[in-house]
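The values are calculated or read from the model by the stated rules, or taken from the named source; none is laboratory data. Here the structure is a predicted model, which is why all the values come from computation and not from measurement. When we count neighbours, we look across all protein chains shown, and the Cβ atoms used for this are built from the backbone with ideal geometry, even at glycine. In case anyone asks, the SASA skips ligands and DNA or RNA and just uses the protein heavy atoms, side chains included. Shrake-Rupley method; radii C 1.70, N 1.55, O 1.52, S 1.80 Å.
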Amino acid sequence: MDEPDGWYAVALGADIEPSTSAGTRLFGHELVVWRDAAGAVHVWEDRCPHRGMRLSFGFVRGDHIACLYHGWRYDAAGQCRYIPAHPDLEVSPMIRTRTYPCRERAGLIWVRWGRPADAPETAPDEAEAVPVSPVRSLYLDAPAARLAAALGGAESNGLARIDLGGSPVLVAVQPLAAEVSAAHIVVPAAPDAPTADLARLAAACVALRRTIEGAAP
């Protein structure tokens with residue numbers, strides 16, 4: 001499948017608590033999204049270089065993440081710093097995992113995919129100065145193109161604006177793989193706006209997923 005360069009949301013920020021990790025995919029590639037104890041987010045290839053175990057199965061301690069299999073521990077730059085079976089070993093700088101630039105904006109965790117010459121260094125800034133409330137992430141048995149079309153397309157900042165359950169929401173599309181995608185949904189919490197009806201939003205999310213999955217390819 002095509003893998004256009006750019007910034008993609010891969011999780012709701014609220015779903016990744018400090019000292020936790022979660023696995024996801026982008027264009028079929030397995031990624032681990034994790035947040036260290038200080039709250040900083042990281043997006044890496046979800047694979048320990050030692051035996052290929054998913055790092056998302058591991059555990060976070062401070063600003064390191066460790067593999068569940070043999071406990072190899074990696075710092076925030078992706079460099080292996082400690083091997084339990086050889087505690088006195090000075091670990092080779094060649095033992096490292098692949099990391100990706102990431103940012104947290106508008107209640108979403110974004111990763112930069114590819115390296116276009118004119119790519120901005122910061123992720124979409126939509127609603128950065130306005131608080132947002134997370135709604136949920138929808139996982140759909142439908143390609144990202146169909147999801148984006150159903151949302152009316154995305155703006156240049158990677159977000160689509162729609163009305164969902166009577167509330168204006170922002171939706172970021174994540175191409176998980178060729179025939180599956182995710183929609184990460186947040187509500188801009190403007191001070192003068194009424195509180196969103198979360199029960200109505202939840203029902204609208206289910207209806208949206210059914211509509212998109214049932215649409216003809």
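With both labels modelled 7 Å from their Cα along Cα-to-Cβ, the Glu90 to Asp63 distance reads 2.2 nm. Rg and Dmax of the chain, both derived from C-alpha coordinates alone, stand at 18.5, 60 Å. Placing dummy labels 7 Å off each Cα toward the beta-carbon, the span from Ile162 to Glu30 is 3.0 nm.
When Leu108, Leu89 are compared by accessible area at a 1.4 angstrom probe, the order from most to least is Leu89, Leu108.
Label-to-label distance, Arg51 versus Arg115, with points set 7 angstrom from Cα along the beta-carbon direction: 3.2 nm. Helix 198-214 sits at what angle to the longest principal axis of the chain, using alpha carbons and giving 0 to 90 degrees rounded to 10? The two axes meet at around 90 degrees.
The length gained on full extension between Arg200 and Glu17, counted as 0.36 nm times the residue separation minus their Cα-Cα distance, comes to 63.3 nm.
For the residues Arg146, Arg61, a 1.4 Å probe over the protein chains yields an accessible-area ranking, largest first, of Arg61, Arg146. Each of Ile212, Gly152, Gly114 was placed along the dipole of the chain (beta-carbon charges, centred on the mean Cα), and the one lying farthest toward the positive end is Ile212.
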